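To start, the structure itself, in structure tokens.
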Amino acid sequence: MRGGVFKNASSLFSSYLNVRRKYMKIKQKNLAPYLLLLPALALLLVFRIYPMISTVIESFYTNNLTADAREFVGFANFTRVLSDQIFWKSLKVTFVFNLINIPIQVFLALVVAVILNSRARGISLFRSIVMIPIAVSPVVSTTLWKTMMDYNAGVLNGLLALVGIPRQEFFLVKEQALWSIVIVTAWKGIPYMMIFFLAGLQEIPVAVLEAAKIDGASSWQSFFKITLPLLKRVFAFVLVTDTILNLILFAPIWLITKGGPQLSTNLIMYETYRRGMVYGDLGGSSAMLIVVILIVAIVLGLQFLALRTDD
Amino acid sequence: MDKKSKPKKKQSYRSHGRGWKIFSYTILFIGAVVSLVPFIWMILTSFMSLGEAMGNTWIPKEFLWSNYAEAWGEAKLSSYILNSVIITTITLTGELIVAILAAYAFSRMHFPGRDTIFGILLSTMMIPGMVLMIPNLLTVTWLGRVGPIPWMDNWPALTIPFMGSVFAIFLLRQFFSQIPDELFDAAKIDGAGHFRMLTQIVVPLSTAPILVIIVLSFIGSWNALAWPLLVTSTDKWLPIAVGLYNFVSDEGSKVQLIMAGTVITIIPILGLYFLTQKQFTESISRSGLKG
């Protein structure tokens, strides 16, 4: 009988150990992924998500930099920004800029990618050359173009003179400044977007195109009926990326025109910066950022709707 | 039969016709010229005298190597380049470790909330850099005050905020989940834990995407301007992009020196770029843009 109790106790103990071991194992297993994620989550929470929340909060307070003097003002910052003529003008400039810039970049990127995807002679050399601008920083590329498009000393005006076109003022007059910014951004933007099209084109099986050819499809037919539909996802990716990058474009404006002349290149991100950093209106600047993010989200939503795939 | 099908196949590769060929070479030629001309002009200008640089010339009468010495000295490029090398190395190391750990959890582990957390992380890619500037500046100042080492005008402010890269996590996750399960089953039978699987299977098999991250982050870190401009107040940790920017604002009229300085700063990037170009384009195409 005593032996029985002892036996019982020992089996109880061992089963306790078993349960405990299992529990520890589960616990360990459950914790491991979170431990691995911890550094990433902490960094992104502190340096990306918190700023976003803080911007939302900031947009409801007065524009004072000192923390104790700030005051809750509700939607006052939003109404002030939304009733500002300069804000609307900046928004208009941003839309005009992007309605020209994004289609040009996406279309030319696609054309160049299709050409570079062929097996023609010397293609790999051209591939390397065309991708060079990607490696260059915005400071370098804007400095280059600013100098090249200078009215007096610019080499571009020298080239134009060779073909008998008079000097252009480029960044100096409001009729040309925005177009000049389009050139500067496209120089880097087209090759960048081209990479993704090229990657997408290389994933299309050659066999499909060969089969179409045997069935008597012309090059144009197989491009529009096969290649383009198969590129739809990449196309959506490129369009969305290019839209985000260009709606919030800042560096070339900051480095070349500072929004001028006569606010003709005052893109919305630069206006946000001007309001916050130059005029010290942080509340208004935050409200404007929220509006911009909402606009970007709406535009992206429309693009996703338009490009929605059934698969 | 064989004789007939052979030329046909050859033709199918070049069946676009003469018009298309002329068109494509024209576009390529224009593209190459537009991509290259600014570089050639920059390099030529960097050897000119001031007079030549200001007047529409292309070929300098005499190649002035002294411009490089002058730019190197005046722009203090040597110390800035060293700063940038240190900053880039720390950022890259941290970013890779953080991203590899997170991508491993997202791709090879099952836990509650996994897809939700990943979705939230992905959506933060949409936040414009402008939103981050001021709040992060305040955060970094505060961290420096309460922490053991100063953050402002020091390496932590220049590196740690960039270590959490959603792009890197996303790219690595796509690759890690493509690795066949059989490899992991085999390792499990051998008694390997997560750490050994990570270091002996996942990382060695993912050199291509890691290389892509290294190249893109190197370019990003090397070229970062606005944030370093905000968090540095002395020369001690000033990176090359800010140094070049200051040099451009100070010496705006000396075009030839600016171009010499610019050439010096892009040499490391172009070098890295050409060394890795093949793997770079290959791994982008394999990175699963398809989702």
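Ligands, DNA and RNA left out, the 1.4 Å accessible surface of the protein assembly as shown is 68% carbon and sulfur atoms.
Placing unit charges on each Cβ (+1 for Lys and Arg, -1 for Asp and Glu) gives the protein assembly as shown a dipole about its Cα centre, and among A:LEU45, B:PHE175, A:ILE102 the Cα reaching farthest toward its positive end belongs to B:PHE175. Its Cα centre serving as origin, segment A:117-274 has a Cβ charge dipole (Lys and Arg +1, Asp and Glu -1) of approximately 160 debye. Computed from the Cβ-Cβ distance with R0 of 45 Å, the FRET efficiency linking B:LYS236 to A:SER218 stands at 0.10. Assuming charge only on the beta carbon of Lys and Arg (+1) and of Asp and Glu (-1), the dipole of segment B:144-217 about its Cα centre is about 240 debye to the nearest 20. For segment B:153-188, the residues whose backbone nitrogen is under 20 Å from a point 7 Å from the Cα of B:SER123, taken along Cα to Cβ, are B:165-171. Is the protein assembly as shown rounded, prolate or oblate when judged by the Cα gyration tensor, a ≥ b ≥ c being the square roots of its eigenvalues, rounded requiring a/c under 1.5 and prolate requiring a/b larger than b/c? Note, shape of the protein assembly as shown comes out oblate. Our coupling estimate for segment A:134-142, obtained by passing each phi through the Karplus curve with A = 6.51, B = -1.76, C = 1.60 and θ = phi - 60°, is 4, 6, 8, 6, x, 4, 5, 5, 5 Hz, Gly and Pro reported as x.
I need the shape label for chain A. Rule: rounded when a/c is under 1.5, else prolate if a/b > b/c, else oblate, with a, b, c from the alpha carbon gyration tensor. It comes out oblate by the Cα gyration axes.
Applying a DSSP loop filter and a limit of 16 other Cβ atoms within 10 Å to the GluC sites (Glu not before Pro) in segment B:40-137 leaves B:GLU62.
Burial here means at least 40 square angstrom less accessible surface with every protein chain in place than with the chain by itself, probed at 1.4 Å; in segment A:173-214 the buried residues are A:TRP187, A:ILE195, A:ALA199, A:GLU203, A:GLU210, A:LYS213. Amide H contacts of A:TYR61 (H built 1.01 Å from N, in plane; Pro and chain starts excluded): A:VAL73 sit under 5 Å, all sequence-distant by 5 or more or on other chains. For segment A:144-169, a reduction of at least 50 Å² in accessible area between the chain on its own and the assembled protein chains (probe 1.4 Å) is found at A:LEU144, A:THR147, A:MET148, A:ALA153, A:VAL155.
Helix A:85-116 and the longest principal axis of the C-alpha atoms of chain A enclose an angle of approximately 90°. Annotation for segment A:161-261: GluC sites (Glu not before Pro) lying in DSSP loop with at most 13 further Cβ atoms inside 10 Å of their Cβ are A:GLU175. With 30 Å² as the minimum drop in accessible area between chain alone and full protein complex (1.4 Å probe), the qualifying residues in segment B:127-153 are B:ILE127, B:PRO128, B:MET130, B:VAL131, B:LEU132, B:ILE134, B:PRO135, B:ASN136, B:THR139. In summary, segment B:67-286 shows an alpha-carbon radius of gyration equal to 1.19 times the 2.2 N^0.38 Å reference for compact globular proteins.
Counting protein heavy atoms only and a 1.4 angstrom probe, how many square angstrom of accessible surface do chains A and B bury in total, to the nearest 100? Chains A and B together bury approximately 7300 Å². Counting chymotrypsin sites (Phe, Trp or Tyr not before Pro) as exposed when in a DSSP loop with at most 16 other beta carbons within 10 Å, what is the longest stretch of chain A free of them? Here the longest run is A:152-278. Note that segment B:169-176 has calculated 3J(HN,Hα) couplings of 4, 4, 4, 5, 4, 4, 6, 4 Hz, one per residue in order, obtained from phi through the Karplus relation 6.51 cos²θ - 1.76 cosθ + 1.60 (θ = phi - 60°); glycine and proline are x.
Starting at 0 and stepping by 5 Å, how many percent of the alpha carbon pairs of segment A:75-166 end up in each bin? Distribution as computed: 2, 10, 9, 10, 15, 18, 14, 8, 6, 4, 3, 1, 0 percent. Modelled spin labels at B:ASP181 and A:LEU307, positioned 7 Å past Cα toward Cβ, are 3.2 nm from each other.
Applying 1/(1 + (r/R0)^6) with r as the Cβ-Cβ distance of A:LYS232 and A:VAL73 and R0 = 35 angstrom yields a FRET efficiency of 0.15. The residues of chain A expose on average 53 square angstrom of accessible surface per residue, using a 1.4 Å probe on protein heavy atoms. Here is the list for segment A:227-298: trypsin sites (Lys or Arg not before Pro) lying in DSSP coil, each with at most 15 other C-beta atoms within 10 angstrom of its C-beta, are A:LYS258. Here the gap between B:GLU251 and B:SER78, fully extended at 0.36 nm per residue and compared with their Cα-Cα distance, gives a gain of 60.5 nm. Here chain A is assigned +1 on the Cβ of each Lys and Arg and -1 on the Cβ of each Asp and Glu. Its dipole about the Cα centre then comes out at about 1640 debye.
The values are calculated or read from the model by the stated rules, or taken from the named source; none is laboratory data. Note that the structure is predicted; figures quoted are calculated from it, not measured. For neighbour counting, all protein chains shown are included, and Cβ atoms are generated from backbone atoms with ideal geometry for every residue, glycine included. Just the protein is used for accessible areas: all its heavy atoms, side chains included, with ligands, DNA and RNA removed. Shrake-Rupley method; radii C 1.70, N 1.55, O 1.52, S 1.80 Å.
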